[in-house]
Every structure is written in structure tokens, then in C-alpha cells.
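All remarks here apply to the structure that follows.
The values are calculated or read from the model by the stated rules, or taken from the named source; none is laboratory data. Remember, it's a predicted structure, so these values are computed and weren't measured experimentally. Quick reminder, even Gly has a Cβ in these numbers, built from the backbone with ideal geometry, and neighbours come from all protein chains shown. We work out accessible area using only protein heavy atoms, side chains counted, and drop any ligands, DNA or RNA first. Shrake-Rupley method; radii C 1.70, N 1.55, O 1.52, S 1.80 Å.
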Amino acid sequence: MEPQMDMQQLFAAAQQMQEQLVNAQAALADAEVTGTAGGGLVTATVNGQGELMDLSIEAAAVDTDDAEETARTIADLVLAAVRDAYRSAEDLQQQQMGPFAAAMQGGGLPGMPGMPGGLDLPGGLDLSSLGIGAPPVPDDDDDEDA
């Protein structure tokens with residue numbers, strides 16, 4: 001029989017996980033990743049939260065003899081560069097936030113003895129105030145409208 005964690009240990013672990021989550025979110029907000037297209041003709045910079053921060057287009061991408069074709073080409077290059085940057089941001093988010101998702105889905109919390117299967121919390125438990133999970137959805141089946 002595995003030793004049971006007492007509530008104080010559980011709350012301490014939840015607080016530690018919340019601190020780690022906040023730190024990971026702050027690191028994502030500060031991180032910047034880039035995506036490129038056209039061999040570097042267009043570069044998009046996105047922060048770790050997926051917000052487009054900068055977009056640059058090299059002058060070599062512009063063909064003054066064919067403005068219409070240049071406009072289409074630049075639009076395609078911008079889309080490709082932004083998508084590339086978003087993929088990089090998603091990878092970074094997964095890297096930073098993945099361990100939290102695994103812990104909440106039963107992958108266990110690192111360094112928590114006696115809990116190889118994760119927290120195994122009751123389904124209705126709201127840990128959103130700790131930055132964990134989503135708050136429960138309110139029941140809309142009340143009879144106030146009748």
C-alpha cells in the first residue's frame with residue numbers, strides 16, 4: 001500500500017506547480033521566435049504567446065516592373081513566414097507547458113512521491129484559482145425562465 005499524501009503536502013505541491021506554471025507563462029511572454037519565407041526575404045517575429053511582434057520584408061522581394069505579381073508574391077511570403085513563426089511558437093509553448101498538461105492528464109508530477117498516476121483529482125474540483133484547469137461550467141438548466 002502506498003503512503004498517502006496529507007492535504008498539506010498536496011497544497012504545497014499545487015502551490016509549487018502554480019509557481020512553475022506562472023514562471024513558464026512569463027518565459028513564454030518574454031520569448032520571441034522567428035519564421036522566414038522566400039530564403040529570408042520575409043521574416044516574422046512572434047512572441048511565445050503567439051502575438052505577432054514584427055514583420056520585415058527585404059527590398060529584394062519587390063519587383064518594380066510587375067507590381068501586381070509582387071503584391072501577390074509578398075502576400076504569400078508573409079503568410080508563409082507568419083505560419084512558420086506560429087509553428088515555432090507552438091513548439092515553444094509545448095516545450096514550456098507540456099509538462100503541466102501531462103501532469104493534469106495523469107502523467108504524474110515530477111518529484112511527488114506516492115503519486116505515480118498524477119493527481120487523480122475528482123472531476124468537479126475547481127483548481128482554476130491555482131492556474132490549473134478550467135473552472136466548472138455553470139449549470140444552465142435552472143428554471144428561472146419559466
Quiz prompt | Residue pairs meeting the criteria (Cβ under 9 Å; at least 6 apart or on separate chains; first more than 14 Å from ALA37 (Cα to Cα), in the stretch 58-76; second assigned to a loop (DSSP other than H, G, I, E, B)) | solution = GLU69/ASP63; THR70/VAL62; THR70/ASP63; THR70/THR64
Quiz item: Which of the residues that make up the stretch 26-48 are out of contact with any strand residue (DSSP E or B) (no Cβ under 7 Å at 6 or more places or on another chain), free of Cβ contacts under 8 Å to residues at least 24 places away in the same chain and either surrounded by 18 or more Cβ atoms within 10 Å (Cβ to Cβ) or under 22 Å from PRO99 (Cα atoms) (or both)?
Solution: ALA26, ASP30
Quiz item: Can you name every residue in the stretch 72-96 that is among the aliphatic types (A, V, I, L, M) and exposed (fewer than 12 other Cβ atoms within 10 Å of the Cβ)?
Solution: ALA75
Quiz prompt | Selected residue (criterion: farthest from GLU90 (Cα to Cα)) from residues of the stretch 1-26 that are polar (S, T, N, Q) and in a helix (DSSP H, G or I) | solution = GLN8
Quiz item: Among (1) within 25 Å of PHE100 (Cβ to Cβ); (2) open to solvent by 80 Å² or more (accessible area, probe 1.4 Å); (3) touching a residue at least 24 places away in the same chain (Cβ under 8 Å); (4) out of contact with any helix residue (DSSP H, G or I) (no Cβ under 9 Å at 6 or more places or on another chain), which single condition is ALA13 missing?
Solution: (2)
